[in-house]
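Engineer: Before I ask anything, let me first share the structure, which is written out below as structure tokens.
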Amino acid sequence: MNKDQITIKLLDSPPPYELLLLADPSTKLVNEYLSKGETYIALMAEETIGVYVLLQRDDKTREIKNIAVAEKYQGNGIGKMLLDHATSEAKEKGAHTLCIGTANSSTSQINLYQKKGFVLSEIKENFFIDNYTEPIFENGTQAAHLLMFSKKL
Ligand code: COA
């Protein structure tokens, strides 16, 4: 796969829900993030293969939401490209901190974020139990707590 063929740009077409829901099974929360943040997509040829939403949390803090790569393209470094892109965008917008949250059960995402320089900064206990109607399990572990990772820009 030639990553030079991938471009990342602001969304100017209908939201790619199939991808967005890979990262968050709640359509309600996805729509909330879409309306509040800026959505970026990764395109290869005409195909949308990745997405993330950049939200402003306060003057100096941005947060990445709903980062996802189409299943058939995962494991090729596109997630890292999206994280690098979000880092540049947040810096350009004047943020001092970039953060991203994931479940205690999302072990490969936790590894990925730490590899890209994010540090565990907060634990929102029982977030997934309190905010989702159905229990979520990943590899046999229940998603209960939201782990927030932050990076100084
Ligand atoms: N296959 C192989 N390795 C994977 C993987 C997969 N499906 N998913 C993640 N990894 C690991 C690799 O170890 C890799 O590290 P390395 O290159 O140092 O070995 C690292 O994660 C980054 O891989 P990369 O290829 O850049 O990530 P990606 O393009 O697969 O994107 C996600 C990462 C998390 C965005 C993607 O897997 C995804 O869309 N998952 C479903 C949605 C989701 O969970 N979003 C995050 C919500 S918090």
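Engineer: Of the conditions (1) under 24 Å from residue 28 (Cα atoms); (2) β-branched (Val, Ile, Thr); (3) within 15 Å of the ligand (Cβ to nearest atom); (4) free of Cβ contacts under 8 Å to residues at least 60 places away in the same chain, residue 107 satisfies every one except a single condition; which number is it?
Structural biologist: (1)
Engineer: If you don't mind, another one. Could you please find all residues in segment 95-125 being farther than 19 Å from residue 22 by Cα and out of contact with any strand residue (DSSP E or B) (no Cβ under 9 Å at 6 or more places or on another chain)?
Structural biologist: Within segment 95-125, just 115 meets the criteria.
Engineer: Looking only at segment 57-73, which residues are touching a strand residue (DSSP E or B) at 6+ places or on another chain (Cβ under 9 Å) and either crowded, with 16+ Cβ neighbours inside 10 Å or closer than 23 Å to residue 5 by Cβ (or both)?
Structural biologist: Result: 61, 62, 63, 64, 65, 66, 67, 68, 69, 70, 72, 73.
Engineer: If you take the residues of segment 62-93 that are more than 14 Å from the ligand (Cβ to nearest atom) and without any contact (Cβ under 8 Å) to a residue 40 or more places away in the chain, which of them is nearest to residue 121 (Cα to Cα)?
Structural biologist: 62
Engineer: Quick one: in segment 62-79, which of the residues that are in a strand (DSSP E or B) and of a type in the set (A, V, I, L, M, F, W, C) is farthest from residue 101 (Cα to Cα)?
Structural biologist: For segment 62-79, the residue satisfying everything is 69.
Engineer: Is it the case that segment 29-48 has a residue that's farther than 27 Å from residue 114 by Cβ, small (Gly, Ala, Ser) and more than 14 Å from the ligand (Cβ to nearest atom)?
Structural biologist: yes
Engineer: Yes or no: segment 81-90 includes at least one residue that is farther than 28 Å from residue 13 by Cβ and of a type in the set (D, E, K, R).
Structural biologist: No, segment 81-90 has no match at all.
Conditions tested, residue by residue: (1) of a type in the set (S, T, N, Q); (2) surrounded by 18 or more Cβ atoms within 10 Å (Cβ to Cβ); (3) closer than 18 Å to residue 26 by Cα.
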residue	(1), (2), (3)
40	no, yes, no
83	no, yes, no
101	no, yes, yes
120	no, no, no
129	no, no, yes
137	no, no, yes
141	yes, no, no
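Engineer: Shifting gears a bit: Listed residues 107, 48, 27, 7; which is surrounded by 15 or more Cβ atoms within 10 Å (Cβ to Cβ) and of a type in the set (Val, Ile, Thr)?
Structural biologist: Only one candidate qualifies: 48.
Engineer: Now, a different point. Just give me the residues in segment 25-61 being among the polar types (S, T, N, Q), outside any strand (DSSP E or B) and either in contact (Cβ under 8 Å) with a residue 40 or more places away in the chain or touching a Leu at 6+ places or on another chain (Cβ under 8 Å) (or both), in sequence order.
Structural biologist: Those that are among the polar types (S, T, N, Q), outside any strand (DSSP E or B) and either in contact (Cβ under 8 Å) with a residue 40 or more places away in the chain or touching a Leu at 6+ places or on another chain (Cβ under 8 Å) (or both): 26, 27.
Engineer: I've got another one for you. Working only within segment 80-124, note down all residues that are over 25 Å from residue 60 (Cβ atoms) and either over 14 Å from the mean Cα position of the chain (by Cα) or part of a helix (DSSP H, G or I) (or both).
Structural biologist: Within segment 80-124, 104, 105, 107, 108, 111 meet the criteria.
Every number here is computed from the coordinates shown, using simple stated rules; none is lab data. Quick caveat, the model's predicted, so the values are computed rather than measured. Please note: Cβ atoms are built from the backbone with ideal geometry, for glycine as well, and neighbour counts cover all protein chains shown.
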